[in-house]
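Read-outs: derived from the displayed coordinates by stated rules, not from any lab. Computed from a prediction, not measured in an experiment: that's the story for all the values here. Backbone-built Cβ (ideal geometry, glycine too); neighbour counts: all protein chains shown.
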Amino acid sequence: TFAVNQSTGRILINDVGGKFEEINPGVPGANYGWPVHNHGPIKKEGFVSPIHIYPEASISGGDFAPSAAGDEISGRYVFADFVHGWIHSIDPETGGEAAPFVSGLRRPVDLRFGDDGTLYVLLRNAWVVDDKFQTDSGSLVRISK
């Protein structure tokens, strides 16, 4: 998944799979190392390294928090993990360590902020239709300051 900061045009790309979950800056013409490098930091010339990584799980949706979202996360990049059931945030320019925001969610698959700062989180027991798919397992959660 990816998100675009409507104020700055900055793009961040969530990359699921491999040794690490990654958040990469969306840069025109960037080489993230795929498939030569299997996720994680890369310090070779000509490659763009992620601004944030964490051990393999399943990073899902992300969005840039508007100022209306409140002081705790305003201006930060907020992202969810399907396996862990949490939402964390990072500085969208430097990445670094993630700050916990919400936990205890059941299978978040995407999230978006409304103009009023409300965070909407889509939960679904599965994100593909396979033999484990359960109908009527989705819900939309509203998180407001």
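Measuring spread by the Cα atoms of the range 49-92 yields a radius of gyration and Dmax of 11.0, 32 Å. Cα centroid separation, the range 58-80 to the range 1-30: 14 Å.
Would you mind computing the Rg to Rh ratio of the range 25-79 from its alpha-carbon coordinates, Kirkwood style for Rh? Rounded to two decimals, Rg/Rh equals 1.06.
Under a point-charge model restricted to the Cβ atoms of Lys and Arg (+1) and Asp and Glu (-1), what is the dipole moment magnitude of the chain relative to its Cα centre, in debye to the nearest 20?
That gives the chain a dipole magnitude of about 100 debye.
All C-alpha pair distances within the chain, sorted into 10 Å bins from zero, spread as 12, 41, 33, 13, 1 percent across the bins.
Derived scalar couplings between HN and Hα for the range 10-23 equal 4, 10, 10, 10, 8, 10, 8, x, x, 5, 9, 8, 10, 10 Hz in order, rounded to whole Hz, by the Karplus curve 6.51 cos²θ - 1.76 cosθ + 1.60 (θ = phi - 60°), x for Gly and Pro.
Positive end of the dipole of the chain (Cβ unit charges, origin at the Cα centre): among Ile11, Asn38, Ala69, the Cα lying farthest that way belongs to Asn38.
Choose one of Ala99, Ile87, Ser60: the residue whose Cα lies farthest towards the positive end of the charge dipole of the chain (beta-carbon charges +1 Lys, Arg; -1 Asp, Glu; about the Cα centre). Positive-most Cα among the choices belongs to Ser60. Averaged over residues, the count of other Cβ atoms within 10 Å places the peptides 58-65, 102-109 in the sequence 58-65, 102-109, highest first.
If you take the alpha carbon radius of gyration of the range 74-113 and divide it by 2.2 N^0.38 Å, what ratio comes out, to two decimals? Let's see the in-between values first.
Numbers: Rg = 10.1 Å, N = 40, 2.2 N^0.38 = 8.9 Å.
Compactness ratio reported: 1.13.
The H on the amide N of Val109, modeled in the peptide plane, is under 5 Å from the matching H of Leu122, Leu123, Arg124, each at least 5 residues off or on a different chain. Distances between placed amide hydrogens fall under 5 Å for Glu21 paired with Tyr54, Glu56, Ala57, all partners being 5 or more residues away or on another chain.
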